[in-house]
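Just so it is clear, none of the values below were taken in a lab; they were calculated from the coordinates. Only a predicted model underlies this, so the values are computations on that prediction, with no experimental measurement involved. Here the Cβ is made from the backbone with ideal geometry for all residues, glycine too, and neighbour counts use every protein chain on show.
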Amino acid sequence: MTQATRFTAGLVSVAVGAALASLATRSLRNATGAAPKDKHVAAARGFNHGSTLLALSVLADSAMEHYRGSFANPAMYTPLVVATGSLGASLHGGADRSAASHRVRHAIQIAAAATGTAGTAFHLYNVTKRPGGLSWHNLFYGAPAGAPFALLLAGALGSIAETLRDEPAHDPRLFGMPAGKALALVAAAGLVGTAAEAALLHFRGAWQHPAMVAPVTVAPVGAALLIHAACAPRAHAQRASGFARLWLRITTALGFAGAGFHACGVGRAQGGWRNWSQNLFAGPPLPAPPAFSALAVAGLAALRLRETER
C-alpha cells in the first residue's frame, strides 16, 4: 500500500466515521427541545444505543478471538451467547419509547454484566498462570483482559437504561445522585478503561501509525470534559456541557473511523484482503474501535439528561 493510498484510505475512514457519528447521535439531537419526561426516556434509549454498539463489538470480537483459540474451553462459547442476548435486548430497548422498564431485557443485561465480570477475572487468571506471571509479555499476548470488560460495560449500560426508565421523570436518581451526573461519570469511567486497553495494544504495535495516538488522547480528554460537565456548578454548566458534547461527537466519529483504519491495517499485511482468512485474525481487531463510539453516545445521553437537573 503506497503512502498516497494510505492517506486516501485514512481520509475515507474519517469521513465515513463522521457520517456514522452524525447518524448515531441524531436521536439525541432531536431530543434537545423535548420535555423533561421525554428527555428521561431519550437518555435511557441513548444508553440502549451505546449498549447495542458495545454488544455488537463484543460479539464480533469474541467470535473471532475464540475461533482463533479453537474454542479450547467450552466456556468460550458463553460470551457469544450472552452478547447476542444483550444485543437483542439493547435493540429492543432502543426502539422502546415507553417510560417503564422491561423485566426480560433487564435480566439479560444483568446476566451480560455478570458474564463480563467473570470473563475479566478468567482472562486475568489466564495471564497470571502463564510462565512469567504478570508481565508485559503476557499482558500483550495472553487473553486480553479488556475484552470481557466491554461485555460488562454493555450489560451495565443496558441495565442502567432499564433502571432509569423506572425512576420518576421529574427527578431521576441513580447511585444516590442525580441520574444525569451518575450516568456521565459511568460513561467517563468506561472511556478511560477503553483508552487504557487501546494504549496497551497500540504500545504492542510500536505506534507504527500516527493515528494510533488518537484513541489514547481524544478519549481521555473526552472523559475529563464529561466529568467536568457532570460536576460543574450551575453558573458554568452550559459552557462545560457544550465543550463536552462537541468532544464526545468527535470521539464518536473516532470510534467508527478507527474500524476503517484497522481495516487498512489488515490490508497492509502480506496478501492483504485476498488473504483475509489469515490477516483478519492476525491484524488489528476490526470490532474494537466502535467501543469508543458506544461510550461517547452514552455520555451524550447523560449530558442531555443532566440539562433537566440544572
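Table: residues versus (1) among the aromatic types (Phe, Trp, Tyr); (2) free of Cβ contacts under 8 Å to residues at least 60 places away in the same chain; (3) closer than 30 Å to Asp171 by Cβ.
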residue: Ala42; (1), (2), (3): no, no, yes
residue: His49; (1), (2), (3): no, no, yes
residue: Tyr77; (1), (2), (3): yes, yes, no
residue: Gly94; (1), (2), (3): no, yes, yes
residue: Ala111; (1), (2), (3): no, yes, yes
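Every test in (1) assigned to a helix (DSSP H, G or I); (2) more than 29 Å from Gly116 (Cβ to Cβ); (3) free of Cβ contacts under 8 Å to residues at least 12 places away in the same chain is passed by Thr217 save one, and that test is (2). Could you please find all residues in the range 220-233 being more than 12 Å from Trp247 (Cα to Cα) and touching a residue at least 12 places away in the same chain (Cβ under 8 Å)? Within the range 220-233, Ile227, His228, Ala230, Cys231 meet the criteria. When each of Ala111, Ala189, Ala196 is tested for being surrounded by fewer than 18 Cβ atoms within 10 Å (Cβ to Cβ), touching a helix residue (DSSP H, G or I) at 6+ places or on another chain (Cβ under 8 Å) and under 17 Å from Ala230 (Cβ atoms), the lone residue that passes is Ala189. Can you find even one residue in the range 301-308 that is buried (at least 21 other Cβ atoms within 10 Å of the Cβ) and in a loop (DSSP other than H, G, I, E, B)? Taking every residue of the range 301-308 in turn, at least one turns out to be buried (at least 21 other Cβ atoms within 10 Å of the Cβ) and in a loop (DSSP other than H, G, I, E, B). Taking the criterion of being out of contact with any Cys (no Cβ under 9 Å at 6 or more places or on another chain) and closer than 14 Å to Leu303 by Cα, the residues of the range 174-217 that qualify are Pro178, Ala179, Gly180, Ala182, Leu183, Val186, Ala187, Ala188. Of everything in the range 93-108 that's surrounded by fewer than 16 Cβ atoms within 10 Å (Cβ to Cβ) and of a type in the set (A, V, I, L, M), which residue is farthest from Val58 (Cα to Cα)? Step by step, filter the range 93-108, then rank; the result is Ala100.
Residue check: is Val104 hydrophobic (A, V, I, L, M, F, W, C) and under 22 Å from Ala244 (Cβ atoms)? It is false that Val104 is hydrophobic (A, V, I, L, M, F, W, C) and under 22 Å from Ala244 (Cβ atoms). For the range 171-184, the condition holds for at least one residue, the condition being that it is under 15 Å from the mean Cα position of the chain (by Cα), buried (at least 20 other Cβ atoms within 10 Å of the Cβ) and either assigned to a helix (DSSP H, G or I) or among the aromatic types (Phe, Trp, Tyr) (or both).
Out of the range 249-282, which residues are surrounded by 13 or more Cβ atoms within 10 Å (Cβ to Cβ) and of a type in the set (Ser, Thr, Tyr)? Passing the criteria: Thr251, Thr252.
Contact map, the range 116-131: residues that are free of Cβ contacts under 8 Å to residues at least 24 places away in the same chain paired with residues that are assigned to a helix (DSSP H, G or I) and among the polar types (S, T, N, Q), Cβ distance under 6 Å, separation 6+ or inter-chain. Pairs shown: Val127/Asn138; Arg130/Asn138.
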